[in-house]
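A short write-up of the structure that comes next.
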Amino acid sequence: MTTKSIRTPKILITDVETLPINASVWRLFDQNVGLNMIHEDWAMLSFAAKWYGKRGVEYGDTMQAHSIRDDRDIVAHLCALLDEADVVVGHNVKKFDLKKLRARAVQHGLAPFREPKVIDTMLMARSIGAFTSNKLEYLTKALCTDHKSGHGKYPGFELWLGILRNEPAAWAEMKKYNIQDVKVTEQLYTVLRPWAPRLPNLAQFYDDEHRRCPRCGSVNITANGSTFSNVSEYTQYVCSDCGGFSRGRHTINTRNKRSNLLAT
């Protein structure tokens with residue numbers, strides 16, 4: 001007798017790297033760049049992506065493309081992955097990675113991908129507390145066992161210059177750098193998840209009717225007293241796996257009590 005497998009949330013961790021705009025400028029500071037000053041527009045350079053809890057990491061770049069700014073194939077690849085995802089996780093993914101990806105997808109005439117729920121680890125950190133910095137480098141050093149990789153032979157922007165010179169060592173370092181960012185973002189998401197408010201409810205993506213933790217999907221949750229809104233009382237739950245708190249959706253105080261509560 002075969003056991004039916006349970007559908008689980010498909011959570012994609014991703015990170016995008018881009019090429020800079022090549023333009024002629026008159027000075028180093030406070031420079032307005034006109035469209036006629038641009039020689040080459042920005043493009044996607046590479047991406048890394050992995051499914052949460054899985055070992056493998058998918059990676060793509062433009063090293064073998066017709067030109068370094070010919071990013072159609074990697075844009076299409078990442079769009080296809082997002083089309084499968086229920087949730088996408090990344091650091092500054094909401095304002096940077098997804099917006100950059102959509103812009104290039106539109107320019108290439110690609111069909112829209114099925115938009116997943118978005119979890120941005122930078123916004124998670126901001127919502128939780130006053131960390132010294134919300135940069136991935138700081139947060140992973142402070143909170144994770146693995147850290148965002150520093151640059152080796154190519155510090156800072158030198159890595160992008162090495163890529164533009166088509167140096168194999170620079171391409172190899174970019175791949176390592178991009179993949180490590182995804183791995184540590186996954187760790188950071190796991191650390192921050194029990195603390196962060198207003199996350200997508202992962203329980204809705206399971207095709208069963210078990211009571212599950214909305215943060216991680218675990219069934220190992222237990223009642224833990226009550227929590228209150230201004231007029232309603234709810235059962236509070238705690239997850240034995242991720243440690244996060246949640247509450248029931250139905251009030252447990254009576255209608256008469258709710259109607260007799262006064263507002264301040």
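Give the number of residues within region 61-97 that are of a type in the set (A, V, I, L, M) and either on the phi > 0 side of the Ramachandran plot or surrounded by fewer than 22 Cβ atoms within 10 Å (Cβ to Cβ) (or both). Break it down stepwise before answering.
Initial filter on region 61-97 (of a type in the set (A, V, I, L, M)): 63, 65, 68, 74-76, 78, 80-82, 85, 87-89, 93.
Next, from what is left, pick out any that are either on the phi > 0 side of the Ramachandran plot or surrounded by fewer than 22 Cβ atoms within 10 Å (Cβ to Cβ) (or both): 63, 65, 68, 76, 80-82, 87.
The total comes to 8.
Taking region 162-188 as the search range and keeping residues that are polar (S, T, N, Q) and surrounded by 20 or more Cβ atoms within 10 Å (Cβ to Cβ), which one is nearest to N92 (Cα to Cα)?
First pass over region 162-188, keeping only residues polar (S, T, N, Q): 166, 178, 180, 185, 187.
With surrounded by 20 or more Cβ atoms within 10 Å (Cβ to Cβ) added as a condition, the list becomes 178, 185.
On the way: N178: 14, T185: 11 Å.
Within region 162-188, the match that is nearest to N92 (Cα to Cα) is T185.
Can you tell which of L159, L136 is of a type outside the set (K, R), in contact (Cβ under 8 Å) with a residue 24 or more places away in the chain and open to solvent by less than 80 Å² (accessible area, probe 1.4 Å)? Only one candidate passes the filter, namely L136.
Regarding T14, is this residue within 13 Å of the chain's Cα centre (by Cα) and in contact (Cβ under 8 Å) with a residue 60 or more places away in the chain?
On the way: within 13 Å of the chain's Cα centre (by Cα): yes; in contact (Cβ under 8 Å) with a residue 60 or more places away in the chain: yes.
Answer is yes for this residue.
Of everything in region 189-231 that is buried (at least 16 other Cβ atoms within 10 Å of the Cβ) and of a type in the set (G, A, S), the residue that is nearest to R255 (Cα to Cα) is A203.
Cβ-Cβ contacts under 7 Å between residues 6 or more apart (or on different chains), taken from a first residue in region 224-253 that is touching a residue at least 24 places away in the same chain (Cβ under 8 Å) and under 16 Å from R211 (Cβ atoms) to a second residue that is open to solvent by 50 Å² or more (accessible area, probe 1.4 Å) and of a type in the set (K, R), are listed as Y237/R247.
Region 7-105 holds strands (runs of 3 or more DSSP E) entirely within its bounds, and those carrying 1 or more residues that are touching a Pro at 6+ places or on another chain (Cβ under 8 Å) and modelled with pLDDT of 95 or more map to 11-19, 87-90. Exactly one residue among K175, K153, K117 is closer than 21 Å to L19 by Cβ, in contact with a strand residue (DSSP E or B) (Cβ under 7 Å, 6 or more places away or on another chain) and not small (G, A, S), and that residue is K175. Taking the stated definitions as given, is A85 under 26 Å from M122 (Cα atoms), in contact with a Lys or Arg (Cβ under 9 Å, 6 or more places away or on another chain) and touching a residue at least 40 places away in the same chain (Cβ under 8 Å)? In short, yes.
The values are calculated or read from the model by the stated rules, or taken from the named source; none is laboratory data. All values reported here derive from a predicted model rather than from experimental measurement. Here the Cβ is made from the backbone with ideal geometry for all residues, glycine too, and neighbour counts use every protein chain on show. Side chains included, ligands, DNA and RNA excluded: accessible areas come from the protein's heavy atoms. Shrake-Rupley method; radii C 1.70, N 1.55, O 1.52, S 1.80 Å.
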